[in-house]
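What follows is a short report on a single structure.
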Amino acid sequence: MPEKAKGPSLDFVLGNHDITALARCYRERGSVRIRNFLADPIPLSDHLHGRTDWRQVLNAGDKVYELDADVRAQMDAERVAALDAAVYSGATHGFQFRYETIRTPDAEAERAECGDLLNRFALWLSQGEARNFLRRITGEDRIDFADAQATRFSGGDFLTGHDDLVEGKSRHAAYVCGLTPFWRLEWGGLLLFHGADGGEARALSPEFNVLDIFAVPVPHSVSLVSPAAGKKRVSITGWLRSRP
């Protein structure tokens, strides 16, 4: 089980930001990149990189499958190759993804009960100064909370194009909080915003302690992480939502 956070010294603090400029950028482009998001991102980054309860998630059409570390360890090479082939085939013409995740519940009480740094971050992002910060940047006062999951992309992982619009979820914007200390552009794992005609894209490379926020719906994807990548692409992702 992940270690629970202890004491106020592990609470999160925003870095120094020009909210007016960030809000203007979001208003004009529908997205904004916020560098030095947290005053001290190291405890959260270390916490996620040290977790061992990651679960691989992938889809086959509308069905989503989850594989924990024990299940994957028991798979022989032939089965792994077959699964890889099925995943890459699914990406040829349809929506497909594969990456690892650690989820957090949406309810405040459940997050507080879990108590680990990931859940504390989700709780912090959903109230007080942090939530007000997000509301001011997006211009969306209806934001009640941020749902959250930690994501980890290894070599061969990816997420094909989609726009995050799901009926009944009340998603106003999506966010990605990058927590990988070092990343090379050629390793892939780029956040791609798709052009209207599908022929051009704007690419953002993973960066450490950076929060990317973008409107829903905006077509986007995460490019394939190279098998040569020297690290795993670790982040916290989710949506800024209204409660029902």
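The values are calculated or read from the model by the stated rules, or taken from the named source; none is laboratory data. Since the structure is predicted, the reported quantities are computational estimates derived from the model, not experimental observations. Glycine gets a Cβ as well: all are built from the backbone with ideal geometry, and neighbour counts include every protein chain shown.
One line per residue, one yes/no per condition, for (1) modelled with pLDDT under 95; (2) under 24 Å from Glu129 (Cβ atoms); (3) aliphatic (A, V, I, L, M); (4) not in a loop (DSSP other than H, G, I, E, B):
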{"site": "Pro2", "(1), (2), (3), (4)": "yes, no, no, no"}
{"site": "Arg27", "(1), (2), (3), (4)": "no, yes, no, yes"}
{"site": "Val32", "(1), (2), (3), (4)": "no, yes, yes, yes"}
{"site": "Gln56", "(1), (2), (3), (4)": "no, no, no, yes"}
{"site": "Leu67", "(1), (2), (3), (4)": "no, no, yes, yes"}
{"site": "Glu78", "(1), (2), (3), (4)": "no, no, no, yes"}
For region 195-204, which residues satisfy the criterion of being modelled with pLDDT of 95 or more and crowded, with 16+ Cβ neighbours inside 10 Å?
-> Leu204
Of all residues in region 124-145, which are surrounded by fewer than 15 Cβ atoms within 10 Å (Cβ to Cβ), in contact (Cβ under 8 Å) with a residue 12 or more places away in the chain and over 20 Å from Pro41 (Cβ atoms)?
-> Gly139, Arg142
Within region 216-237, count every residue that is among the hydrophobic types (A, V, I, L, M, F, W, C), out of contact with any Cys (no Cβ under 6 Å at 6 or more places or on another chain) and surrounded by 18 or more Cβ atoms within 10 Å (Cβ to Cβ).
-> 6
Selection over region 16-62 where residues are more than 26 Å from Arg120 (Cα to Cα) and either touching a strand residue (DSSP E or B) at 6+ places or on another chain (Cβ under 8 Å) or buried (at least 17 other Cβ atoms within 10 Å of the Cβ) (or both) yields a count of 5
Report yes if some residue within region 82-103 is among the hydrophobic types (A, V, I, L, M, F, W, C), assigned to a helix (DSSP H, G or I), loosely packed, with under 13 Cβ neighbours inside 10 Å and without any contact (Cβ under 8 Å) to a residue 12 or more places away in the chain; otherwise report no.
-> yes
Evaluate the following for Phe121: is it touching a strand residue (DSSP E or B) at 6+ places or on another chain (Cβ under 8 Å), over 22 Å from Leu165 (Cβ atoms) and either in contact (Cβ under 8 Å) with a residue 24 or more places away in the chain or not in a helix (DSSP H, G or I) (or both)?
-> yes
Subset of region 133-176 that is among the β-branched types (Val, Ile, Thr) and in a loop (DSSP other than H, G, I, E, B) - its residue that is modelled with the lowest pLDDT | Val166
